[in-house]
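A.B. asks: Mind having a look at this structure? Questions to follow.
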Amino acid sequence: MPRKQTPYFHKFIELGAELADRIGFDAAVVFTSTEEEHLATRNAVGIYDVYSQGPLDVKGPDAARLLSRVAARDVEGRMTEDGRVLYTSLCNESGGMIDDLTVYRLGAEHFWVIATPARAAVVQAWLERHSADMAAYITNVIPGTAYLSIQGPRSRELLSALTDADLSTEALPYFRCTQAEVAEVPMVISRTGYSGELGYELYYPRDYAEAVWDAVIGAGRAFGAVPAGLGALRGVRIEKRYPLYGLDLDETTSPLEAGLGWAVDLDRDDFVGADALRRQRDEGITRTLVGLAFQDLAPLPKPGDTVVVGGEQAGTVTSADRGYAVGRSVALAYLRPDAASAGAAVEVRGEATWPASVTLEPFYDPKGERLRA
């Protein structure tokens, strides 16, 4: 079957990007070098396309009630104003994660659900299943939507050159969105991202994709902006200990095991998976997602590699990459809780054996100051 193309495919070809198949799409993995694009994101701006990223549109009088029924967080109680963005997860009846995602409130009866691209169809089906008795209507508008993620400490300067919208933290704080024109194209601008830097995600009609790309790339030259591929995105997200569905999360892992208990509202009326999560909270978890820091940039574990403590298996690596901004390789792994102490020494065994230490905080900017700047 032929691959599908993102709206920037021809731009990728012009730039000589290395492409790879991501859920049937030709996705840009690297343009120049992963290290260069990674460090540009940390020091200037990285411009990312995440192939099939876009919204599931949820409308109707019961839209908020539907989302509160299926989400681990209280959408009705927390999203009381237009422009709010909420990180949450959808869980099955066993507490396993259907997906981790963001919810946008565009109006009292109008929301967007931004799912992991590989999970969008599953999330749509889950929403439709639970909306059968409600006045809430789900429409997949991803195919008609273009997406760009503008990430890095100079991203505000770049976008401000293309819009009259007030992008200051006072006007548009972290995890808020607004509707405005960028490069004369109407769009949703969201103060969110997957890099741990000051950043913005743009959603707009696909028909304008190449024009917006050209405008962003052109304006970005003055700020050191570069197109960045999924290779760089993998590294920056692991430096922040952000999990990825399909590697670090799946339908057998709960948000409590994944260290996402802060994004679960258990003290409210029931939602799907609430009983299982409450039991897990009360009885305790049997594994927990942690970070592993290596001594330098040489090690490169693979998902599935074994984590050993005292000669015995204590867990399994789920994600790993080189953390160019922190000067060492970094990984995420599930460990037994008794082995998951900050600073604990472990070994990772795969193609080689590497010493590492456990960390419970992000490797990069652990207090999150940069993304809230």
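The values are calculated or read from the model by the stated rules, or taken from the named source; none is laboratory data. Just so it is clear, the structure is predicted and the values come from calculations on it, not from any experiment. A quick note on method: Cβ atoms are made from the backbone with ideal geometry, for glycine too, and the neighbour counts reach across all protein chains shown. Just so you know, the surface numbers come from the protein's heavy atoms only, side chains and all, with ligands and any DNA or RNA stripped out. Shrake-Rupley method; radii C 1.70, N 1.55, O 1.52, S 1.80 Å.
A.B. asks: Please compute P(r) over all alpha-carbon pairs of the chain, binned at 20 Å starting from zero, and give each bin as a whole-number percent.
C.D. replies: Computed distribution, short to long bins: 29, 59, 12, 0.
A.B. asks: Let me ask something else about it. What nm value, rounded to one decimal, do you get for the distance between residue 43 and residue 206 when each label is placed 7 Å out toward the C-beta?
C.D. replies: Label-label distance for residue 43 and residue 206, simple model: 3.7 nm.
A.B. asks: While we're on this one: With labels modelled as points extended 7 Å from the Cα through the Cβ direction, what inter-label distance (nm, one decimal) is found for residue 179 paired with residue 15?
C.D. replies: Placing both labels 7 Å along Cα→Cβ, they lie 2.9 nm apart.
A.B. asks: Which loop GluC sites (Glu not before Pro) in the stretch 1-100, with loop taken from DSSP, have no more than 15 other Cβ atoms within 10 angstrom of their Cβ?
C.D. replies: On the way: sites: 14, 18, 35, 36, 37, 76, 81, 93; in loops: 81, 93.
Listed in order of number, the matching sites are 81, 93.
A.B. asks: Choose one answer from 114, 285, 150: the residue with the largest mean-square fluctuation in a GNM of the chain with alpha-carbon springs under 10 Å.
C.D. replies: Of 114, 285, 150, the most mobile in the Gaussian network model is 285.
A.B. asks: Can I ask one more? In a Gaussian network model over the chain where Cα atoms closer than 10 Å are linked, find which of 281, 241, 206 has the largest mean-square fluctuation.
C.D. replies: Between 281, 241, 206, it is 281 that shows the largest mean-square fluctuation.
A.B. asks: Enumerate the amide H contacts of residue 297 below 5 Å, restricted to partners 5 or more residues apart or on another chain; note that Pro and chain-start residues carry no placed amide H.
C.D. replies: 329
A.B. asks: Which of the pairs 4/302; 59/302; 4/59; 11/367 have their Cα atoms more than 31 Å apart in this structure?
C.D. replies: Exceeds cut-off: 59/302; 11/367.
A.B. asks: How much accessible area per residue does the chain have, in Å², with a 1.4 Å probe?
C.D. replies: Details: 15350 Å² over 373 residues.
Accessible surface, normalised per residue, equals 41 Å².
A.B. asks: Before anything else, pin down the relative contact order of the stretch 53-168: Cα pairs under 8 Å, at least 6 apart, normalised by residue count, whole percent.
C.D. replies: Working: 192 pairs, mean separation 38.4, N = 116.
That works out to 33 percent.
A.B. asks: Quick one: length gained pulling residue 296 to residue 134 fully straight, 0.36 nm per residue minus the C-alpha distance?
C.D. replies: Working: separation 162, 0.36 × 162 = 58.32 nm, distance 5.38 nm.
Gain in length upon complete extension: 52.9 nm.
A.B. asks: Would you please classify the overall shape of the stretch 62-162 from the alpha carbon gyration tensor, given that a ≥ b ≥ c denote the square roots of the eigenvalues, rounded means a/c under 1.5, and beyond that prolate means a/b larger than b/c while oblate covers the rest? Walk me through the numbers on the way to the answer.
C.D. replies: Numbers: a/c = 1.85, a/b = 1.65, b/c = 1.12.
Because a/c hits 1.5 or more and a/b exceeds b/c, the stretch 62-162 counts as prolate.
A.B. asks: Taking the chain as a Gaussian network, Cα atoms linked when under 10 Å apart, which of 27, 352, 72 shows the biggest mean-square fluctuation?
C.D. replies: Looking only at 27, 352, 72, the largest GNM fluctuation is found for 352.
A.B. asks: What distance in nm separates the simple spin-label points at residue 286 and residue 268, each placed 7 Å from Cα in the Cβ direction?
C.D. replies: Taking the simple label geometry, residue 286 and residue 268 are separated by 3.0 nm.
A.B. asks: Quick check for you: which residues of the stretch 43-72 have the amide N under 18 Å from the point 7 Å beyond the Cα of residue 278 toward its beta carbon?
C.D. replies: What the label zone holds, given the 18 Å backbone N cut-off, is 68-72.
A.B. asks: Okay, next question. Starting from the Cα gyration tensor of the stretch 213-358, take the square roots of the eigenvalues, sort them a ≥ b ≥ c, and report rounded, prolate or oblate (rounded when a/c is under 1.5, otherwise prolate if a/b is larger than b/c, else oblate). Intermediate values should be presented prior to the final figure.
C.D. replies: Details: a/c = 2.68, a/b = 1.23, b/c = 2.18.
Note, shape of the stretch 213-358 comes out oblate.
A.B. asks: Be a star and scan the stretch 18-53 for residues whose amide nitrogen sits under 15 Å from the point 7 Å along the Cα-to-Cβ vector of residue 122.
C.D. replies: 23
A.B. asks: Among 268, 372, 287, what's the order by accessible area (1.4 angstrom probe), most exposed first? The partial results should precede the final answer.
C.D. replies: Values: 268 50, 372 130, 287 70 Å².
Sorted descending by solvent-accessible area, the residues read 372, 287, 268.
A.B. asks: Subtracting the Cα-Cα distance from 0.36 nm times the residue separation, let me have the gained length for residue 367 to residue 168 in nm, one decimal.
C.D. replies: Working: separation 199, 0.36 × 199 = 71.64 nm, distance 2.02 nm.
Contour length minus Cα-Cα distance gives 69.6 nm.
A.B. asks: Once you charge only the Cβ atoms, +1 for Lys and Arg and -1 for Asp and Glu, what is the size of the charge dipole of the chain about its Cα centre, to the nearest 20 debye? Please report the intermediate quantities before stating the final value.
C.D. replies: Values: 37 positive and 53 negative charges, 71 e Å.
Roughly 340 debye for the chain.
A.B. asks: Related question: Note down the magnitude of the dipole of the stretch 232-326 about its Cα centre, charges +1 on Lys and Arg C-beta and -1 on Asp and Glu C-beta and zero elsewhere, to the nearest 20 debye. Numbers along the way, then the final one.
C.D. replies: Working: 11 positive and 16 negative charges, 85 e Å.
Here the size comes out at about 400 debye.
A.B. asks: In addition: Need the full-extension length gain, residue 351 to residue 36, defined as separation in residues times 0.36 nm minus the C-alpha distance. One decimal, nm. It would help to have the intermediate numbers written out before the result.
C.D. replies: On the way: separation 315, 0.36 × 315 = 113.40 nm, distance 2.64 nm.
Result: 110.8 nm gained on full extension.
A.B. asks: Restrict the search to the stretch 293-352; then list the GluC sites (Glu not before Pro) that DSSP places in a loop and that have at most 10 other Cβ atoms within 10 Å of their Cβ. Walk me through the numbers on the way to the answer.
C.D. replies: Numbers: sites: 312, 347, 351; in loops: 351.
When the GluC sites (Glu not before Pro) of the stretch 293-352 are filtered for loop state and at most 10 Cβ neighbours within 10 Å, 351 remain.
A.B. asks: Another question about this same structure. Answer with one residue from 323, 55, 183: the one whose Cα lies farthest towards the positive end of the charge dipole of the chain, charges on Cβ with Lys, Arg +1 and Asp, Glu -1.
C.D. replies: The residue sitting farthest along the positive end of the dipole is 323.
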